[in-house]
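Chemist: The structure's right below; bear with me while I get my questions together.
The values are calculated or read from the model by the stated rules, or taken from the named source; none is laboratory data. Every value quoted in this text rests on a predicted model; they were computed, and no experiment measured them. Note that each Cβ is placed from the backbone with ideal geometry, even for glycine, and that neighbours are counted across all protein chains shown.
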Ligand code: CAA
């Protein structure tokens, strides 16, 4: 039976900074950010959005009534959780009007959480072919003002529906997984900004990619030449390029050109939005699907990496209807019409925080473009609204 990604939707707030502005303000050559890091713009997430409201906005953009009736489970990947006890997924059950007998679970392993969701969902649907699973990757990437990681921030959410006979991507059975307890990037409880050993993290990422890919090849007898596109977790888009370059010498020049063209397609959106942590690989997949002319039957590789660290390489086959649910023109229009913030406006938003004692607080929802917003805190409870 074929199981995989049937729908994919995205949401990010419409405020951003231009990284040339940031480079000038920080006294850095803009080409370091544009070429060296591979990022052009970065989403700025206002207090009126959090991982729950962003996920609800992403999910609502792809939902149909029949999905509402057949979704059995919400698997919510995030490393920006809003509660130490209650899962972010259970808020979605209510916001999206899902049935009460839906399982709702939050999954955490840095940027790997949504991939755990996709693969667990695949296994569930394989056993229950008439049911569907909603998988979320929603995060806010924060390193701190004037840090080396500042240029690799961002935020947003990707929502996917996993089903039998999917319209977009049938997932192949074999995956190759690797995990090791290391400290390359982490965020202790009560810290809003990540701690990171930046250079080490990029080395572990590459090491995990090569190990996972080689092991996948052994398991499957497939070679890089069997792939039509390779997608990567993109904390910043140069990272995926570095990964791809480690294996490109395994194929001839024509294949190299094809894989490079498709890699460029897969990073168009990420360059404009920044790091989504759990959602980054899937935003890259969405970018590829929207920009490419690949035919149905093409094989796509997906490399997921979550610091701490966990990596997985898996693959899928493009389906005939994969373009049907996408709207690249609308996405391009949205990307071109967002609100550009000055660096000073961004710094002000970055420094805003909720009351440390969880006292009553209202966010400014008037300027927010989301259908769902985080309206604030009342009686120590988070309040979400549909506008
Ligand atoms: N023109 C063109 N390129 C330039 C340039 C210029 N004027 N100046 C510098 N560069 C290039 C450098 O040569 C370098 O290229 P290579 O990496 O190909 O060698 C690149 O720009 C970056 O320069 P630096 O290495 O000097 O950058 P940095 O020390 O300021 O830090 C970073 C870069 C380590 C990625 C930092 O941004 C960081 O710590 N980011 C957060 C951590 C991260 O994203 N890690 C990724 C793996 S972990 C993960 O994937 C999980 C996750 O989501 C966090």
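Chemist: Give the residues of region 291-307 that are closer than 22 Å to residue 276 by Cβ and surrounded by fewer than 22 Cβ atoms within 10 Å (Cβ to Cβ), sorted by residue number.
Modeler: Step one: list which residues in region 291-307 are closer than 22 Å to residue 276 by Cβ, which gives 291-292, 300-307.
Within region 291-307, 291, 292 qualify.
Chemist: Which members of region 219-248 meet the condition of being farther than 19 Å from residue 208 by Cβ and either within 11 Å of the ligand (Cβ to nearest atom) or in a helix (DSSP H, G or I) (or both)?
Modeler: 225, 226
Chemist: Only residues that are touching a residue at least 60 places away in the same chain (Cβ under 8 Å), touching a helix residue (DSSP H, G or I) at 6+ places or on another chain (Cβ under 8 Å) and surrounded by fewer than 16 Cβ atoms within 10 Å (Cβ to Cβ): list them for region 182-200, please.
Modeler: 182 - this is the single residue of region 182-200 that is touching a residue at least 60 places away in the same chain (Cβ under 8 Å), touching a helix residue (DSSP H, G or I) at 6+ places or on another chain (Cβ under 8 Å) and surrounded by fewer than 16 Cβ atoms within 10 Å (Cβ to Cβ).
Chemist: Only one of (1) outside any helix (DSSP H, G or I); (2) touching a strand residue (DSSP E or B) at 6+ places or on another chain (Cβ under 9 Å); (3) farther than 18 Å from residue 139 by Cβ is not met by residue 262, so which one is it?
Modeler: All conditions pass for residue 262, except number (1).
Chemist: OK, next. Checking residue 297 against (1) assigned to a loop (DSSP other than H, G, I, E, B); (2) farther than 23 Å from residue 216 by Cα, which single condition isn't satisfied?
Modeler: (2)
Chemist: Quick test of your reading of the structure: residue 36 fulfils all but one of (1) at pLDDT 95 or above; (2) assigned to a helix (DSSP H, G or I); (3) more than 18 Å from the chain's Cα centre (by Cα); (4) more than 16 Å from the ligand (Cβ to nearest atom). Name the failing condition by number.
Modeler: (4)
Chemist: Of all residues in region 339-357, which are surrounded by 11 or more Cβ atoms within 10 Å (Cβ to Cβ) and more than 26 Å from residue 79 (Cα to Cα)?
Modeler: 339, 340, 342
Chemist: Restricted to region 81-97, and to residues that are surrounded by 17 or more Cβ atoms within 10 Å (Cβ to Cβ) and part of a loop (DSSP other than H, G, I, E, B), which residue is nearest to the ligand (Cβ to nearest atom)? Don't jump to the end; show me each part of the working.
Modeler: Start the filter on region 81-97 by keeping residues that are surrounded by 17 or more Cβ atoms within 10 Å (Cβ to Cβ), which leaves 81-82, 87-93, 95-96.
Cutting the leftovers down to part of a loop (DSSP other than H, G, I, E, B) gives us 81-82, 87, 96.
On the way: 81: 16, 82: 19, 87: 22, 96: 27 Å.
Of everything passing the filter in region 81-97, 81 is nearest to the ligand (Cβ to nearest atom).
Chemist: Okay, next question. Regarding residue 49, is this residue within 16 Å of the ligand (Cβ to nearest atom), surrounded by 24 or more Cβ atoms within 10 Å (Cβ to Cβ), part of a loop (DSSP other than H, G, I, E, B) and under 18 Å from the mean Cα position of the chain (by Cα)?
Modeler: no
Chemist: Shifting gears a bit: Given the options 21, 67, 72, name the one that is within 30 Å of residue 131 (Cβ to Cβ), more than 18 Å from the chain's Cα centre (by Cα) and assigned to a helix (DSSP H, G or I). Steps first, answer last, please.
Modeler: Details: 21 fails: within 30 Å of residue 131 (Cβ to Cβ); 72 fails: assigned to a helix (DSSP H, G or I).
The unique qualifying residue is 67.
Chemist: Further, regarding this structure: Output the residue which, of all residues in region 142-181 that are within 16 Å of the ligand (Cβ to nearest atom) and within 30 Å of residue 67 (Cα to Cα), is surrounded by the fewest Cβ atoms within 10 Å (Cβ to Cβ). Break it down stepwise before answering.
Modeler: Start the filter on region 142-181 by keeping residues that are within 16 Å of the ligand (Cβ to nearest atom), which leaves 142-158, 178-181.
Those still in the list that are within 30 Å of residue 67 (Cα to Cα) too: 154-158.
Numbers: 154: 30, 155: 27, 156: 30, 157: 33, 158: 30.
Residue satisfying both the conditions and the ranking: 155.
Chemist: Under the condition of being more than 16 Å from the ligand (Cβ to nearest atom), surrounded by 18 or more Cβ atoms within 10 Å (Cβ to Cβ) and in a strand (DSSP E or B), which residue from region 98-141 is nearest to the chain's Cα centre (by Cα)?
Modeler: Looking at the filtered set, the residue picked out is 136.
Chemist: For residue 286, are the conditions met, namely being in contact with a strand residue (DSSP E or B) (Cβ under 9 Å, 6 or more places away or on another chain) and within 20 Å of residue 114 (Cα to Cα)?
Modeler: Working: in contact with a strand residue (DSSP E or B) (Cβ under 9 Å, 6 or more places away or on another chain): yes; within 20 Å of residue 114 (Cα to Cα): yes.
Criteria met by residue 286.
Chemist: Test residue 27 against the criterion of being within 16 Å of the ligand (Cβ to nearest atom), at positive phi and without any contact (Cβ under 8 Å) to a residue 60 or more places away in the chain, and give yes or no. Quick ask: steps written out before the conclusion?
Modeler: Values: within 16 Å of the ligand (Cβ to nearest atom): yes; at positive phi: yes; without any contact (Cβ under 8 Å) to a residue 60 or more places away in the chain: yes.
When the stated conditions are applied, residue 27 passes them.
Chemist: In region 1-13, what residues are touching a helix residue (DSSP H, G or I) at 6+ places or on another chain (Cβ under 7 Å) and either within 15 Å of the ligand (Cβ to nearest atom) or in a loop (DSSP other than H, G, I, E, B) (or both)?
Modeler: Residues satisfying the conditions are 1, 12.
Chemist: I'd like the full set of residues that are within 16 Å of the ligand (Cβ to nearest atom) and buried (at least 16 other Cβ atoms within 10 Å of the Cβ), limited to region 14-24.
Modeler: Here is the first cut: in region 14-24, the residues within 16 Å of the ligand (Cβ to nearest atom) are 17, 19-20, 22-24.
17, 19, 22, 23 - these are the residues of region 14-24 that are within 16 Å of the ligand (Cβ to nearest atom) and buried (at least 16 other Cβ atoms within 10 Å of the Cβ).
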